[in-house]
Every structure is written in structure tokens, then in C-alpha cells.
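Here the structure is laid out as C-alpha cells; the discussion comes afterwards.
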């Protein structure tokens, strides 16, 4: 159970870092094409007891003019 929680948290952190990197790469231009926007860049679960089940949803939006494709999300 704890391993699942840790894996889930790592997945979230990696996803947020990946999205943040992508956002910094595209800058603030409003050019043609997909443009990603995330509801928040990070979330702190605070102190977690072993066995606790944690869940948090990051909302991802495409504010661009073309289809946004997220091809891969990985955890570390």
C-alpha cells in the first residue's frame, strides 16, 4: 500500500515537472498550435501516515488553437 502511494506521488511530481518544463519552453506566446495550461504546478500532501490513500487531480487545459497531445507521462 505504501509503495503504491509513493509511486502515485512520484508520478504526480514528475508530471508537474514535465508540464512546467514544457510551459517554460513555449513561453507566453500565443502562436498557432496547442498550448498547455495546468490548474496548479504542484500540490503538497503534507504529512502522510503509512497506509493513507492519497489522491489529487491536476486539471490540464489546451488553450491553443490545435489539438494538444500528451504522449507520455512517467514517474521516477
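Would you point out the residue of segment 29-42, among those that are modelled with pLDDT under 90 and touching a strand residue (DSSP E or B) at 6+ places or on another chain (Cβ under 8 Å), that is surrounded by the fewest Cβ atoms within 10 Å (Cβ to Cβ)? The qualifying residue surrounded by the fewest Cβ atoms within 10 Å (Cβ to Cβ) is 39. Return yes or no: is residue 54 under 16 Å from the mean Cα position of the chain (by Cα), modelled with pLDDT of 90 or more and either assigned to a loop (DSSP other than H, G, I, E, B) or farther than 19 Å from residue 16 by Cα (or both)? No: the conditions fail for residue 54. Going residue by residue through segment 43-50, is there one that turns out to be at pLDDT 70 or above, surrounded by 14 or more Cβ atoms within 10 Å (Cβ to Cβ), outside any loop (DSSP other than H, G, I, E, B) and in contact with a helix residue (DSSP H, G or I) (Cβ under 9 Å, 6 or more places away or on another chain)? So far as segment 43-50 goes, no, none of its residues is at pLDDT 70 or above, surrounded by 14 or more Cβ atoms within 10 Å (Cβ to Cβ), outside any loop (DSSP other than H, G, I, E, B) and in contact with a helix residue (DSSP H, G or I) (Cβ under 9 Å, 6 or more places away or on another chain).
The values are calculated or read from the model by the stated rules, or taken from the named source; none is laboratory data. If you're wondering where the values come from, they're calculated on a predicted model, not measured in any experiment. Please note: Cβ atoms are built from the backbone with ideal geometry, for glycine as well, and neighbour counts cover all protein chains shown.
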